[in-house]
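What follows is a set of notes on a single structure, which appears directly below.
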Amino acid sequence: MSDLLKNIENFQSQYYESNNKNTFFKNKQKIELAKEVSNSFSIDELINVTCYNVANTNRVIIDYNILKLYANPENYERIIHHIVSVFTTTINTYGKFEVHMNLNTFTVTAAERHKKMVELFCNVCMLNPNTSYSESTDKFVIYYCSNSINQIGNLFLCFVSPIVKDKIVLIKKEESDVLWNSLSSP
């Protein structure tokens, strides 16, 4: 685990010590904690370790395990801008790109919490007149898919381009560790 992630983990522990971890109404508390994290750590560093191009490949990594630590409605546009920028750079270099997304620990409540970000992201990609992200996507691989992925998918598929829907590959949780760990770091 990187120093940044260790520092965030310590920050979160201190936050929960000071603000008792909610048993109910966790959603609001998680958003407040994400705001605190994004205000206390370098947002650029967080964004850069959340989404990046794997060197010398057309692979783009998006890691929800990092994203969830700081993503909140106040920084959704900045996060989306970075992801789209990584897509664009990869397309300009390789012509096409693959998305590899780690959704380990992603839940239905997390999907509801970040639904607006997904909607904004899909709109930005589909409405961009300069780049056809859908056609440039070779595949969109989602790792650590839980049993609730169909329920989660129903929340988001209405925002996703039909072209991309056909390129989505779901990797079961039990098969994901080996495949995810075989992807290279930034």
(request) Please report Rg over Rh for segment 11-54, where both radii come from the alpha carbon positions and Rh follows the Kirkwood definition. (result) 1.09
(request) For each of MET126, MET101, count neighbouring Cβ atoms within 10 Å of the residue's Cβ, then give the residues from fewest to most. (result) MET126, MET101
(request) Using packing as a proxy for protection, rank 61-67, 39-45 so that the peptide with the highest average count of other Cβ atoms within 10 Å comes first. (result) 61-67, 39-45
(message) Could you tell me the relative contact order of the chain? Use alpha-carbon pairs under 8 Å, at least six residues apart, and round to a whole percent.
(response) 20
(request) In whole Hz, with x marking every Gly and Pro, tabulate ³J(HN,Hα) for segment 30-46 from phi via Karplus 6.51 cos²θ - 1.76 cosθ + 1.60, θ = phi - 60°. (result) 5, 5, 4, 5, 4, 5, 4, 5, 5, 8, 9, 10, 5, 5, 5, 5, 4
(request) Note down, for segment 32-82, the three equivalent ellipsoid semi-axes (square root of 5 times each alpha carbon gyration tensor eigenvalue), biggest first, whole angstrom. (result) 21, 10, 9
(message) Taking 45 Å as R0, compute the FRET efficiency from the Cβ-Cβ separation of LYS96 and SER2 and round it to 0.05.
(response) 0.95
(request) Kindly express, to the nearest 10 degrees and within the range 0 to 90, the angle between helix 3-18's C-alpha long axis and the longest C-alpha principal axis of the chain. (result) 40
(message) Which of rounded, prolate or oblate describes segment 41-181 when judged by the alpha-carbon gyration tensor and an a/c cut-off of 1.5?
(response) rounded
(request) Under 1.5 on a/c is rounded, so check that first for segment 1-112, then, if it is not, pick prolate when a/b is larger than b/c and oblate when it is not; a ≥ b ≥ c are the square roots of the alpha carbon gyration tensor eigenvalues. (result) prolate
(request) Please turn the phi angles of segment 133-139 into ³J(HN,Hα) values with the Karplus equation 6.51 cos²θ - 1.76 cosθ + 1.60 (θ = phi - 60°), one per residue in order, whole Hz, x for glycine and proline. (result) 4, 4, 5, 7, 7, 6, 7
(message) Let me check I've understood the local charge: for ALA34, count other residues with C-beta under 10 angstrom from its C-beta, Lys and Arg +1, Asp and Glu -1. What total comes out?
(response) +1
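Laboratory data are not the source of any read-out in this text; all were calculated from the coordinates shown. Remember, it's a predicted structure, so these values are computed and weren't measured experimentally. Virtual Cβ from ideal backbone geometry, glycine too; neighbours counted across all protein chains shown.
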